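Report on the structure given below.
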Amino acid sequence: MTDRAASSSLRTVPVPSKSRLAVGLAAFQVLDAIANELPRRYVSVHLDHLGVPEVIRRVLPVIKVSSSAGLLLGIGRPRLGAMTAAALVSYYAAAVRFHLLAGDHPVLAAPAAACGVTAALALVTLYMPAIGRT
């Protein structure tokens, strides 16, 4: 393989700017799902502090990975993307509420709030306009 061929095979696929929100949030969801499986003890203590019921804990990795798929597939199927983004707004609103109910300083809920805002932005700037064009 020539140097030119090797360098061209390493190029990334260009992502339209509005899609970057969805791709970034999808990547975060997958990384968060993986990170939550590694230091299991810390995650359990943290979820205990937040008061997250065991039944919800079991589905968190499924929610994170499937929402990543929904966001990415939604770029081509905007109704799926819109539904996923709207669900993530609810998911992150619940996460913020868990933090506040646990007595956490609002700054500790900021990452969840930022992810919820990102999902809302993806919904209104990427998926909803695309639905109107289909």
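The values are calculated or read from the model by the stated rules, or taken from the named source; none is laboratory data. Note that the structure is a prediction, hence the values are computed from the model and not measured. Keep in mind that these areas ignore ligands, DNA and RNA; they rest on the heavy atoms of the full protein, side chains included. Shrake-Rupley method; radii C 1.70, N 1.55, O 1.52, S 1.80 Å.
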Rolling a 1.4 angstrom probe over the protein heavy atoms, how many square angstrom per residue are accessible across the chain? 64
One computes Rg over Rh for segment 82-134 from alpha-carbon atoms, with the Kirkwood Rh, and obtains 1.13
Run the accessible area of the chain with a 1.4 Å probe and give the carbon-and-sulfur part as a rounded percent. 69
Folded to 0 to 90 degrees: helix 40-50 orientation relative to the chain principal axis, Cα: 60
Angle, helix 106-122 long axis vs. longest principal axis of the chain, Cα atoms, 0 to 90°, nearest 10? 40
List the residues, sorted by chain then number, that are 5 or more residues from Gly74 or on another chain and whose placed amide H is less than 5 Å from its amide H. Gly81
Any idea what angle helix 54-73 forms with the longest principal axis of the chain, computed on alpha-carbon atoms, 0 to 90 degrees, nearest 10? 20
Of all the Cα-Cα pairs you can form in segment 32-134, what percent are over 16 Å apart? 60
